[in-house]
Structures are given as C-alpha cells and as structure tokens.
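Read-outs: derived from the displayed coordinates by stated rules, not from any lab. The model shown is predicted, which means the values in this text are computed figures rather than measured ones. Heads up, the Cβs are rebuilt from the backbone with ideal geometry, glycines too, and the neighbour counts pull from every protein chain shown.
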Amino acid sequence: MATSSINVNVTFLGTASAQPSSTRNHSSLALRLDGDVWLFDCGEATQHQIQKSSVKMGRIQKIFITHAHGDHIFGILPLLASRLNGAGGTTGEVEDPRLQTITAETEPILEIYGPTGTRAYIRNGLVYTHTLLGSPYVVHELRFPADPTHGDMTTLSPHVAELRTGKNVALVNGIWPEIFSNEILVVSAAPILHSVPCVGYVVHERPVPGKMDPKKYIPDIKRTKTPMSVMSQLQRGESVQLADGTVLHGPQRRPGRKLVILGDTYDPSPIAELAVDADLLIHEATNAHLPGIDPHTKPDDTYESVQKRAMSRGHSTPQMAGAFAKQIGAKRLVLNHFSPRYPGNDDVDKDAAAVMTAIQALAAQTFGSNSEVVCARDLMSLDVEHRK
Ligand SMILES: [Zn+2]
Ligand SMILES: [Zn+2]
C-alpha cells in the first residue's frame, strides 16, 4: 500500500472540435501519474503535440478512446507506430526483427480501451499500411447494449503485434465498472449521449494516507524504546501496539482524487452517479452564444437556438457543462473541444481572450459563483491536488 500519494497532472494536447486550426489541434489529453502517461483520445497529429510538450512518448502505457469520430482517433495509428517502434517492411532476404512471434504470454506494452470498432479500426489500419510493430499491444472494447457481445467486427486476422487477450466488456447496471485497477487507481466508464456511441471515463484514486503529525507519536515511541520504523506503519493508517500496551492509531486515510474525462456529449447524465464529487471534470463546450463578443453571431440567434443546434449535433454549451459540474458536485471544471470559431491563442491575443473569458463566465453562471472554471488551451498543463 502506498505511503505517499502520486503526482497527477493533465496536459491538453488538443482542444479543437471539427477542423483543427493553427491554435488548436484535435482532441487528446495526457494524464500523467508520476512518470506514467495515459492518453485520452488521440486526434490527428497528437504525436506532434506530444513532441511540443513535456509529455514523454515512451512513457505512454494506456490510451482511452471516447468515441470513434475521426477528430478523436485519427492520430492513433501513427502514434502506435512511433510508440511501438513500427515501420514498413524490409526487402529481399533481410529479416525484419519485428516479425518475431508474439506469444499468448507476452505482456502488452500498450493497452487501448475504446468503444466497439476500436480494435477493427486499428487492426485494419496497421495491416493495410503494412506497418510492423516491434512491441505488442492489446485492445479492450466497451460494448454498448446494441453491440454484439463477441467478435472483432472485422474479418481480418489479428495483426502480428496484436495480443488476442483483448476483452469485450459488457455494461453492468449501466456502467463499465473497474475496466482497469491497480493498487493506486481504479478506472471505470459509462456511456454518455452523443451522435454516436460515446464513453466517459472516471479515474479514481484509492484512499491515500492521512496527514501525519509525528509529534503525536514520538513521546510514546521513545518511552517504550520502540524502533522508529513503526512510523511507516502508522503512516499507512495502521494501528501499532507498543511494549507497555499503549495502542497508537495512524491517521485516517483520506479519499483519493477523482478525475472525470468525458468525450463529446449533449447529455452525460448516465455517468452522473459514477462522477459524483469529481475533483476535476473535463467537459466539452463546443458552441456558445456570445452576442457582442463573437463577431460571427447571427442576428436572429438566441441562447436557446444555439443550445438547440449544439444538442442536435451531439454537443454542449458552456452553461450545460456548468450545470453538469454542479449536479455532480465537481470541484473544478475544465472546458475543451471548442468550435473553430474560438481561437486557442487567448494567452497572447486580446480578442481570443475576451471570447474565452466570456465562455468561462457562462459556465460559471450555472456551476456556481465559487466554482473554478478553466477553458483549456493546447499544451496547457494543470496539477490535480488533494482537497484541503
Ligand atoms: Zn469531437
Ligand atoms: Zn464526436
């Protein structure tokens, strides 16, 4: 059991919807857990964005795909080729070492999670581009009720680097519980409503050690000549009985951090229960009504008409994101997946800053006055701390 907690950092690699622009790339974000990297979505040119950031390509362990729209998955094939030492074949008699047989016991270097079709998309892309990979990968699929429960959704045999241990995970009471867990974290997922099957992910840290006050324990430890090494037991929250019968109780464990990372949605309510008390909620806000601020505002547009149009395309407004953040009692809301109308250079451009400040204020209207709302910008990085 861990005695200290890990560093949790989120870096936005792409924050655009529809077309990418010179200031926003397509969707992807990197979750850093100490040194490990988990990607959520992998839009076109994600690997270029990684190279512009401090995220280490070689540390990517997992990729979670929210849905199969191209702006969330087109970058996965080139990224796999880079991460897994892939390339085209060799000519003539030269033997390519990447053609070694991968056995059932081989551990995957990269685990990919996504909705039905993710496995077929990757397999077809690798096979038809003759891409050879130097290390194995596996794809676990989250199956919706309308999906077949078995099968790979393709007639192609697995790529030589694809492990056949990919799971097809069925919904249980409306969620995909514990699709991954280790001693520090548990990942669960649930459907969210979009124009195509779409997944939201919840990364929940297990309870962490409480704050330790050594002064509370040292007199008893010294008096009973107990080795100081008991301090590490106490730090883990355990109780220790000393030679004279005194029992010392370690500090109570604190709840771990909860991150909720949503894909595109016009209504994420199926994930609400799983998402309750999120320390960080990442929610799209594709369209906003910004009369007087956004010069593209149509004269007959109203908030209602903009919201209706956004929802008809499977998307949300900042107010909808704020309302969901309030509903689940989130501590902090980060908006992403912005319309190409809203440039992402708001750190250097006054007009862009005015738009993003207005979007932030719209989300705060429904989230609440003490709420923290951030509009994500490409390569923005933020740490997720424990609640005080
Ligand atoms: Zn999208
Ligand atoms: Zn989409």
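Within the listed set Gly58, Gly75, Gly117, the Gaussian network model of the chain (springs between alpha-carbon atoms below 10 Å) gives the highest mean-square fluctuation for Gly58. Choose one answer from Leu142, Leu185, Leu281: the residue with the largest mean-square fluctuation in a GNM of the chain with alpha-carbon springs under 10 Å. It is Leu185. Once the Cα-Cα distance is subtracted from the 0.36 nm per residue extended length, the Lys222 to Ser181 segment shows a gain of 10.8 nm.
The trypsin sites (Lys or Arg not before Pro) found in the stretch 21-93 include none that occupy coil by DSSP while having at most 11 further C-beta atoms within 10 Å.
In debye to the nearest 20, how big a dipole does the chain give about its Cα centre with +1 on each Lys and Arg Cβ and -1 on each Asp and Glu Cβ?
Details: 37 positive and 40 negative charges, 241 e Å.
Dipole about the Cα centre, nearest 20: 1160 debye.
Label the chain by shape, choosing from rounded, prolate and oblate, from the square roots a ≥ b ≥ c of the eigenvalues of the Cα gyration tensor; if a/c is under 1.5 it is rounded, and otherwise prolate applies when a/b is larger than b/c, oblate when it is not. Here the chain falls in the oblate category. The stretch between Glu105 and His249, if pulled fully straight at 0.36 nm per residue, gains 47.5 nm over its current Cα-Cα span. Between Asn173 and Thr91, the FRET efficiency from the beta-carbon distance, with R0 = 35 Å, is close to 0.05. Computed from label points 7 Å out along Cα-Cβ, the spacing between Glu273 and Ser21 is 4.0 nm.
As a length-normalised measure over Cα pairs under 8 Å and 6 or more apart, the relative contact order of the stretch 245-388 settles at 27 percent. Computed on the chain, with alpha-carbon pairs under 8 angstrom and 6+ residues apart, the relative contact order is 16 percent.
Rounded to 0.05, the FRET efficiency of the His386 and Leu242 pair, given R0 = 30 Å and the Cβ-Cβ distance, is 0.50. Anisotropy class assigned to the stretch 143-289 is prolate, per the alpha carbon gyration tensor with a/c at or over the 1.5 cut-off and a/b larger than b/c.
Over the chain, dividing the summed -39,500 (n - 2.57) contributions of all DSSP H runs of at least 4 residues by the number of residues returns a 222 nm mean residue ellipticity of -6000 deg cm²/dmol.
Between Gln233 and Asp351, the modelled label-to-label distance comes to 6.8 nm, taking each label 7 Å out from Cα in the direction of the beta carbon.
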